[in-house]
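**Student:** For reference, the structure I am asking about is given below.
The values are calculated or read from the model by the stated rules, or taken from the named source; none is laboratory data. Just so it is clear, the model here is predicted, and its values are computed rather than measured. Positions of Cβ are backbone-derived with ideal geometry, glycine not excepted, and every protein chain shown enters the neighbour counts.
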Ligand SMILES: *[C@@H]1O[C@H](CO)[C@@H](O)[C@H](O)[C@H]1NC(C)=O
Ligand SMILES: *[C@@H]1O[C@H](CO)[C@@H](O)[C@H](O)[C@H]1NC(C)=O
Ligand SMILES: *[C@@H]1O[C@H](CO)[C@@H](O)[C@H](O)[C@H]1NC(C)=O
Ligand SMILES: *[C@@H]1O[C@H](CO)[C@@H](O)[C@H](O)[C@H]1NC(C)=O
Ligand SMILES: *[C@@H]1O[C@H](CO)[C@@H](O)[C@H](O)[C@H]1NC(C)=O
Ligand SMILES: [Cu+2]
């Protein structure tokens, strides 16, 4: 136990500055460019970028931070990813190093063009889950979280695939990929990035109230799954972790 604990701490101190996020997206064989937080400012008007602007790969720590919606500063992109409801979208991460905590994909309607859906609109929006990935075996401290197993420790891209619900009605939507990292005791880290989608198809549905939440709003330090000490011996050895928030809407 102590050996494991020491090894984990050593790992954390080495990688403490290495954060990350969703960098690009693929649908089938087509690749779409995200916003590079360390890239040039001419990306702001680049007609091909599908991801909302983010300029720091630091996590967000506050469950009430308005940037929790679409990261900081979260300005709209010019382009959207065309995608047929029922298809898969893959978010591509690079050198993801954290291992503990859930990953959740969300959507919300832009009620029109996402390119004019501003940061205020995003924090006022009601979001629904389209997929989530948590602890897939083992215990909370060391088990096979998807966050751990999707990491490619050799430096090749890490892939996270979710399906757009087949019955979702067409229109422009934000898709928000959120990684929650829980390796700091009682100090959750949130890593959200948003992209624009143009959903096509003959779906006619939209989720009801029981699936919809505000972001910020959905997370709070009163939630034991969010305000968690994964090194606490009782918590560390648990083999179940219930991903908080509303149920996933599968259409
Ligand atoms: C919200 O998060 C952003 C990005 O990490 C940070 O720059 C900002 O200071 C935070 N705002 C508040 C009110 O804590
Ligand atoms: C979509 O992804 C799921 C896993 O998330 C996979 O089972 C399914 O085969 C994928 N579909 C396509 C068309 O690639
Ligand atoms: C993401 O796209 C950029 C170009 O915008 C490319 O340089 C980079 O290698 C890509 N990264 C990944 C992880 O796909
Ligand atoms: C906030 O969202 C509600 C519900 O969708 C909508 O009626 C209202 O117009 C929105 N307000 C702003 C300022 O976007
Ligand atoms: C976006 O927010 C503005 C106010 O900031 C509001 O007037 C507008 O109706 C909102 N748009 C949508 C699509 O919610
Ligand atoms: Cu980090």
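**Student:** In region 170-187, which residues are surrounded by 23 or more Cβ atoms within 10 Å (Cβ to Cβ) and either out of contact with any strand residue (DSSP E or B) (no Cβ under 9 Å at 6 or more places or on another chain) or not in a strand (DSSP E or B) (or both)?
**Tutor:** Within region 170-187, just 182 meets the criteria.
**Student:** From the set of residues in region 153-168 that are touching a residue at least 40 places away in the same chain (Cβ under 8 Å) and surrounded by fewer than 18 Cβ atoms within 10 Å (Cβ to Cβ), which is nearest to ligand 4 (Cβ to nearest atom)?
**Tutor:** Here the residue is 167.
**Student:** I've got another one for you. Return the only residue of 65, 71, 42 being more than 16 Å from ligand 5 (Cβ to nearest atom), out of contact with any strand residue (DSSP E or B) (no Cβ under 7 Å at 6 or more places or on another chain) and in contact (Cβ under 8 Å) with a residue 40 or more places away in the chain.
**Tutor:** Only one candidate passes the filter, namely 65.
**Student:** Return yes or no: is residue 131 in a strand (DSSP E or B), modelled with pLDDT of 95 or more and surrounded by fewer than 22 Cβ atoms within 10 Å (Cβ to Cβ)?
**Tutor:** Against the criterion (in a strand (DSSP E or B), modelled with pLDDT of 95 or more and surrounded by fewer than 22 Cβ atoms within 10 Å (Cβ to Cβ)), residue 131 qualifies.
**Student:** Additional query: Can you find even one residue in region 101-118 that is under 19 Å from residue 213 (Cα atoms), touching a residue at least 40 places away in the same chain (Cβ under 8 Å) and within 16 Å of ligand 6 (Cβ to nearest atom)?
**Tutor:** Yes, because at least one residue in region 101-118 is under 19 Å from residue 213 (Cα atoms), touching a residue at least 40 places away in the same chain (Cβ under 8 Å) and within 16 Å of ligand 6 (Cβ to nearest atom).
**Student:** Among the residues of region 219-251, what is the count of those that are surrounded by 16 or more Cβ atoms within 10 Å (Cβ to Cβ) and outside any loop (DSSP other than H, G, I, E, B)?
**Tutor:** Adding up the residues that qualify gives 2.
**Student:** I need the full set of residues from region 24-45 which are more than 16 Å from ligand 2 (Cβ to nearest atom), more than 21 Å from residue 116 (Cβ to Cβ) and either assigned to a loop (DSSP other than H, G, I, E, B) or touching a helix residue (DSSP H, G or I) at 6+ places or on another chain (Cβ under 7 Å) (or both), in order please.
**Tutor:** 36, 37, 38, 39, 40
**Student:** Among the candidates 84, 8, which residue alone is under 26 Å from residue 236 (Cα atoms) and either surrounded by 17 or more Cβ atoms within 10 Å (Cβ to Cβ) or modelled with pLDDT of 95 or more (or both)?
**Tutor:** Criteria check complete, one pass: 8.
**Student:** Quick check on my filter: what residues within region 143-191 are within 16 Å of ligand 3 (Cβ to nearest atom), more than 20 Å from residue 110 (Cβ to Cβ) and under 14 Å from the mean Cα position of the chain (by Cα)?
**Tutor:** Answer for region 143-191, where residues must be within 16 Å of ligand 3 (Cβ to nearest atom), more than 20 Å from residue 110 (Cβ to Cβ) and under 14 Å from the mean Cα position of the chain (by Cα): 150, 158, 159, 160, 161, 179, 191.
**Student:** So, of the residues in region 33-68 that are surrounded by 18 or more Cβ atoms within 10 Å (Cβ to Cβ) and over 17 Å from the mean Cα position of the chain (by Cα), which turns out to be farthest from ligand 4 (Cβ to nearest atom)?
**Tutor:** Only one residue fits best here, namely 43.
**Student:** Here is a follow-up. Looking at (1) at positive phi; (2) free of Cβ contacts under 8 Å to residues at least 12 places away in the same chain, which is the only condition residue 208 fails?
**Tutor:** Going through (1) at positive phi; (2) free of Cβ contacts under 8 Å to residues at least 12 places away in the same chain one by one, residue 208 breaks only (1).
**Student:** Just one of (1) more than 21 Å from residue 218 (Cα to Cα); (2) at pLDDT 95 or above trips up residue 152, so point out which.
**Tutor:** Here residue 152 clears every test but (2).
**Student:** What are the residues in region 89-111 that are part of a strand (DSSP E or B) and either more than 16 Å from ligand 4 (Cβ to nearest atom) or more than 12 Å from the chain's Cα centre (by Cα) (or both), if any?
**Tutor:** 89, 90, 91, 92, 93, 103, 104, 105, 108, 109
**Student:** List pairs: first residue in region 74-99 and more than 24 Å from residue 119 (Cβ to Cβ), second residue part of a strand (DSSP E or B) and within 16 Å of ligand 1 (Cβ to nearest atom) anywhere in the structure, Cβ distance under 6 angstrom, at least six positions apart or on different chains.
**Tutor:** From residues that are more than 24 Å from residue 119 (Cβ to Cβ), the pairs are 98/181.
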